[in-house]
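Okay, so here's the structure we're looking at.
Each reported figure results from applying straightforward, stated rules to the coordinates on display, with no laboratory input. Since this is a predicted model, take the numbers as computed values, not measurements. Backbone-built Cβ (ideal geometry, glycine too); neighbour counts: all protein chains shown.
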Amino acid sequence: MNEKRDDAESIMAELESQMALDGLEKRGDYAAGIAIMAGKVMSSAMAYGVPYALAEEMATDFWKAEMLADTIAALVRDADEGTE
């Protein structure tokens, strides 16, 4: 009986690890998308004549805001999963 419990716990631990890796991969894809969009913010701003330093600051602000929102969403999601 104890062996079955160990096997089940091992399987559950493996599944949890895989789910965590999948979540991390999704967040990485999201971060890459945000980087692309930040580049578009900068390019568009410069195309409209915004000085380089300001366009760079705008892109950086966009990056930080989106990454912060993603981080907060992940923390809330993790907290919700922990309380169920």
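The table for this structure:
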{"quantity": "Chymotrypsin sites (Phe, Trp or Tyr not before Pro) lying in DSSP loop within segment 30-84, provided at most 10 other Cβ fall within 10 Å", "calculated": "Y48"}
{"quantity": "Simple Cβ-charge dipole of the chain, Lys/Arg +1 and Asp/Glu -1, about Cα centre, in debye nearest 20", "calculated": "540"}
{"quantity": "Degrees, to the nearest 10: 2-47 long Cα axis against longest axis of the chain", "calculated": "0"}
{"quantity": "As computed over the chain, the Cα convex hull volume per residue (Å³)", "calculated": "77"}
{"quantity": "All lysines inside 16 Å of K40 as judged from Cα atoms, apart from same-chain residues fewer than 8 positions distant", "calculated": "K64"}
{"quantity": "The chain: angle of helix 52-83 to the longest principal axis, Cα-based, in degrees nearest 10", "calculated": "20"}
{"quantity": "Packing-based exposure ordering (other Cβ within 10 Å, fewest first) of V41, V50, V76", "calculated": "V76, V50, V41"}
{"quantity": "Among I34, L21, P51 the positive-end extreme of the charge dipole of segment 2-83 (Cβ point charges)", "calculated": "P51"}
{"quantity": "Förster radius 35 Å - calculated FRET efficiency between K64 and K4 (Cβ-Cβ, nearest 0.05)", "calculated": "0.10"}
{"quantity": "FRET efficiency for D80 and A31, using Cβ-Cβ distance with R0 set to 30 Å, rounded to 0.05", "calculated": "0.85"}
{"quantity": "Potential lengthening between E57 and S17 on full extension [0.36 nm per residue; Cα-Cα distance subtracted]", "calculated": "10.7 nm"}
